[in-house]
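The values are calculated or read from the model by the stated rules, or taken from the named source; none is laboratory data. Fair warning: this is a prediction, and the values are worked out from it, not measured in the lab. With ideal geometry, Cβ positions are generated from the backbone for all residues, glycine too; neighbour counts draw on all protein chains shown.
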Amino acid sequence: MKIQSIKYVFFGMALFFAPKAVKAQKVAVPISAYGVWDRGGGIDDYSDPKADFVMGIEVSAKWSDVQPKGANKFDFSIFQKVLDQAAKYKKIVKMSIDVGPYSPLWIYENGVPLVKVTSDKPEKHAEKFVNYPFYINEAHKTYYFELIKQFSLFLRNQPQNKFDCIAFVQVKTGATGDESPYKGKPDNADYKITNEQWENFRIESFTQFKKYFNDVPDHQIVLIFNGVDEKKQPEVRDWVMNTIDPSIGFGIKGGAYNRGHHLSDEKSFKKQWTPYLVNPKGMKLFSASEMDASWGKPIFNINKEIGFYWAALSGMNTGISSTNMQKNAVKYGYEHKEISDIFRMTNKYYQQVYPKTATAAVSIFHEGLNSADTKKFPEDKYGKANRGNLERYTNICKAYEARGAKMDDLKNVTEGQVNQRAWQKGYNDAGWDIEDGNYERFLMQINPDETSIGLFRVRGKIDKKSSKYDRFARSFENATDKNTMYFKFDDEMFADSKPKSLKFNITWLDKNAGSTWALKYHNGKLLKTAIEVKGKGDNQWKTVVIDIADMELNHKGEMGSDFILVNTDKVDDIFNGIEVDIKR
């Protein structure tokens with residue numbers, strides 16, 4: 001692969017810094033547009049101050065709606081309408097066309113075999129996913145590739161003020177953009193498509209997108225790709241990484257990690273992609289992911305505020321740049337301030353991409369019980385570490401039962417993240433390859449499990465009346481001498497200059513009357529107490545705010561810390577996390 005040879009190329013910034021032979025150009029998604037996007041028109045008037053959380057717009061159409069009347073007859077009016085609106089309100093737009101099961105019926109009367117598919121999960125895939133084209137058929141390729149060409153011409157020939165609103169186009173080759181040919185098994189075995197055939201078709205399709213959107217003399221349009229995992233689709237990933245012109249750039253679809261929490265394979269996804277998304281050293285990508293209908297599913301309906309809050313943090317954790325909310329979710333946020341405030345929080349932290357210029361840092365406390373971790377959970381004690389071993393998840397949660405850990409939905413714990421967010425009916429505190437640490441951006445708790453304990457369902461059973469903070473927390477544990485939590489900012493954050501001030505927001509549970517804790521820091525000479533807090537014992541979540549202007553930010557405190565939270569009595573105080581606003 002050529003990734004290491006690409007230097008000083010940053011996609012997603014205000015400008016590209018590229019080799020001298022490449023001209024700087026407008027980027028697909030400036031960092032100032034990272035955050036919540038309106039997917040499908042949830043807002044009519046983007047000038048409304050209540051809609052200030054919308055950073056961009058997403059629009060998609062079915063191939064059958066774009067080309068309903070036959071070959072060479074195209075209707076892109078849905079895209080034109082959104083571009084007109086985007087130009088009016090100075091927004092940027094993501095676009096895509098759904099193909100596969102959304103293909104127009106006339107192609108089946110003109111040489112393309114119709115493939116009937118029996119779903120392997122009929123309760124999850126509705127009747128709309130039973131008719132597919134035989135993708136590798138030459139007639140299908142002809143019609144599909146012409147669609148790609150005409151879509152590019154429609155967009156590239158927009159007036160400049162509307163062309164400037166085009167952020168990027170998502171490449172879709174298969175069923176619902178999931179980059180698989182069928183959601184099930186073809187009834188006729190002759191229409192089975194092997195993995196090799198499918199990946200070859202995808203690369204052939206990618207080449208067409210590149211030809212018509214990138215390899216043009218002017219008005220290039222950035223593409224975003226899904227299903228380019230280094231383990232599952234290595235050849236496709238290599239093609240994207242090594243073939244797309246770095247002066248144009250590209251994005252990735254950011255998985256389902258903005259749709260919930262404790263979804264499978266989060267750690268692996270994070271390891272693969274965040275080096276290109278958060279404080280990248282070389283290649284800089286952007287990551288867009290749909291909220292889709294997840295917010296209306298059973299697990300979200302337990303408590304919508306909890307659902308949106310922890311989903312936003314999970315998305316931040318994997319480096320998502322834009323979370324494209326289904327229009328009804330956008331409307332719901334518009335109508336409920338507690339949700340729109342979460343959307344604004346999303347915008348704030350997703351836009352913190354480079355520590356040297358960051359205006360905020362955050363550490364929200366969380367412990368996930370990662371069943372794939374054999375070091376923390378040895379197999380001889382908890383059971384064989386494989387995804388399908390349900391007993392292992394149960395055993396792990398039993399060990400943390402006193403801290404509130406439970407498995408509400410064992411049936412879905414072994415599913416992939418797409419199915420989990422859709423069909424899971426309860427909270428699972430153990431999962432497969434899930435994030436096990438805090439949700440952080442440029443503020444790290446040092447050795448969290450050795451210096452504090454993770455809590456789950458903090459004030460008991462979670463229902464619609466629960467606080468968003470009730471889902472997870474961390475606590476002191478005086479009985480094991482865990483009375484100090486240590487924190488440091490990213491190494492690069494203040495390497496060039498100290499901030500004018502740091503505004504700390506510390507959210508804690510006032511559970512015990514008379515309990516005390518303190519925030520302390522070094523100012524270069526001594527350990528200084530910024531604030532001492534004493535509890536009233538009303539069992540309510542509260543936020544303490546304190547400004548600090550003289551903190552020495554060189555990791556010279558105990559355990560390499562910049563500041564500490566200290567238990568100043570023997571009562572175990574509970575915290576949601578720490579948010580810091582930076583005045584530079």
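Applying the set (1) of a type in the set (S, T, Y); (2) modelled with pLDDT of 95 or more; (3) buried (at least 20 other Cβ atoms within 10 Å of the Cβ) to T194 leaves exactly one unmet item: (3). On the stretch given as the stretch 542-565, residues that are touching a residue at least 40 places away in the same chain (Cβ under 8 Å), assigned to a strand (DSSP E or B) and surrounded by fewer than 20 Cβ atoms within 10 Å (Cβ to Cβ) total 5.
Please work out if K253 is closer than 25 Å to K304 by Cβ, in contact (Cβ under 8 Å) with a residue 60 or more places away in the chain, crowded, with 20+ Cβ neighbours inside 10 Å and among the basic types (K, R). Before you say what the answer is, go through the steps one by one.
On the way: closer than 25 Å to K304 by Cβ: yes; in contact (Cβ under 8 Å) with a residue 60 or more places away in the chain: yes; crowded, with 20+ Cβ neighbours inside 10 Å: yes; among the basic types (K, R): yes.
So K253 passes the test.
Of all residues in the stretch 404-423, those that are without any contact (Cβ under 8 Å) to a residue 60 or more places away in the chain and outside any loop (DSSP other than H, G, I, E, B) have Cβ atoms under 9 Å from Cβ atoms of residues that are of a type in the set (D, E) and buried (at least 18 other Cβ atoms within 10 Å of the Cβ), 6 or more apart or on another chain, in M407/D429.
When you scan the stretch 219-311 for helices (runs of 4 or more DSSP H) that lie fully inside it, which ones turn up with 2 or more residues that are among the aliphatic types (A, V, I, L, M)? Qualifying helices (runs of 4 or more DSSP H): 234-243. Taking every residue in the stretch 340-353 that is under 18 Å from K327 (Cβ atoms) and pairing it with any residue that is of a type in the set (K, R), at least 6 positions away or on another chain, the pairs with Cβ-Cβ distances below 9 Å are S340/K50; I342/K468. Please verify whether N242 is within 28 Å of the chain's Cα centre (by Cα) and either under 22 Å from S60 (Cα atoms) or among the aliphatic types (A, V, I, L, M) (or both), treating the condition exactly as stated. When the stated conditions are applied, N242 does not pass them. For the stretch 153-180, taking the residues that are under 20 Å from V236 (Cα atoms) and among the small types (G, A, S), the one that is modelled with the highest pLDDT is identified as G174.
Quick one: is E230 acidic (D, E), under 24 Å from the mean Cα position of the chain (by Cα) and under 26 Å from P68 (Cα atoms)? Taking the combined requirement at face value, the residue does not satisfy it. Here Y427 meets the list (1) buried (at least 20 other Cβ atoms within 10 Å of the Cβ); (2) over 30 Å from D490 (Cβ atoms); (3) in contact with a Phe, Trp or Tyr (Cβ under 7 Å, 6 or more places away or on another chain) almost entirely, failing just condition (3). Counting the residues of the stretch 500-533 that are part of a strand (DSSP E or B), surrounded by 14 or more Cβ atoms within 10 Å (Cβ to Cβ) and not small (G, A, S) gives 18. The one condition from (1) out of contact with any helix residue (DSSP H, G or I) (no Cβ under 8 Å at 6 or more places or on another chain); (2) farther than 20 Å from F269 by Cβ; (3) not polar (S, T, N, Q) that P234 does not meet is (2). The set of residues from the stretch 500-522 being under 10 Å from G535 (Cα atoms) and among the charged types (D, E, K, R) comprises D510, K511. Contact map, the stretch 472-497: residues that are farther than 14 Å from N279 by Cα paired with residues that are acidic (D, E) and assigned to a helix (DSSP H, G or I), Cβ distance under 8 Å, separation 6+ or inter-chain. Pairs shown: K482/E450; T484/E558; Y486/E558. Annotation: R474 fulfils all but one of (1) exposed (fewer than 15 other Cβ atoms within 10 Å of the Cβ); (2) within 23 Å of A312 (Cβ to Cβ); (3) charged (D, E, K, R); the unmet one is (1). Of all the numbered requirements in (1) in a loop (DSSP other than H, G, I, E, B); (2) under 23 Å from D436 (Cα atoms), Y486 misses one, and that requirement is (1). Can you find a residue in the stretch 489-499 that is part of a strand (DSSP E or B), surrounded by fewer than 19 Cβ atoms within 10 Å (Cβ to Cβ) and at pLDDT 95 or above? No: zero hits.
Residue count for the stretch 29-79 satisfying the condition of being under 19 Å from I320 (Cα atoms) and either touching a Phe, Trp or Tyr at 6+ places or on another chain (Cβ under 9 Å) or of a type in the set (K, R) (or both): 14. Just so you know, in the stretch 29-50 the residues that are within 14 Å of V93 (Cβ to Cβ) and assigned to a strand (DSSP E or B) include one that is nearest to the chain's Cα centre (by Cα), and it is W37. Looking at K381, K406, just one residue is closer than 19 Å to R457 by Cβ, of a type in the set (D, E, K, R) and modelled with pLDDT of 95 or more, and that residue is K406.
Count of the stretch 365-399 residues, restricted to those that are of a type in the set (D, E, K, R) and surrounded by 20 or more Cβ atoms within 10 Å (Cβ to Cβ), is 2. Could you check, for the stretch 326-338, whether at least one of its residues is touching a strand residue (DSSP E or B) at 6+ places or on another chain (Cβ under 7 Å), in a strand (DSSP E or B) and in contact (Cβ under 8 Å) with a residue 40 or more places away in the chain? Yes, the stretch 326-338 contains a residue that is touching a strand residue (DSSP E or B) at 6+ places or on another chain (Cβ under 7 Å), in a strand (DSSP E or B) and in contact (Cβ under 8 Å) with a residue 40 or more places away in the chain.
Residues that are over 16 Å from H261 (Cα atoms) and part of a loop (DSSP other than H, G, I, E, B) within the stretch 424-451 comprise just one, N447.
Determine whether the stretch 372-380 contains at least one residue that is in a helix (DSSP H, G or I) and over 19 Å from the mean Cα position of the chain (by Cα). Yes: the stretch 372-380 contains one or more residues that are in a helix (DSSP H, G or I) and over 19 Å from the mean Cα position of the chain (by Cα). Can V36 be described as of a type outside the set (S, T, N, Q) and modelled with pLDDT of 50 or more? Spelling it out, V36 is indeed of a type outside the set (S, T, N, Q) and modelled with pLDDT of 50 or more. A search for C-beta distances below 9 Å between a residue of the stretch 384-402 that is in contact (Cβ under 8 Å) with a residue 24 or more places away in the chain and more than 30 Å from S475 (Cβ to Cβ) and any residue that is assigned to a helix (DSSP H, G or I) and of a type in the set (S, T, N, Q), counting only pairs 6+ apart in sequence or on different chains, returns nothing. With V330, V362 as the choices, which residue is in contact with an Asp or Glu (Cβ under 9 Å, 6 or more places away or on another chain), under 30 Å from L285 (Cα atoms) and buried (at least 24 other Cβ atoms within 10 Å of the Cβ)? The match here is V330.
Search the stretch 181-220 for residues being aliphatic (A, V, I, L, M) and in contact (Cβ under 8 Å) with a residue 24 or more places away in the chain, and hand back the single one that is nearest to R237 (Cα to Cα). Among those that are aliphatic (A, V, I, L, M) and in contact (Cβ under 8 Å) with a residue 24 or more places away in the chain, it is I203.
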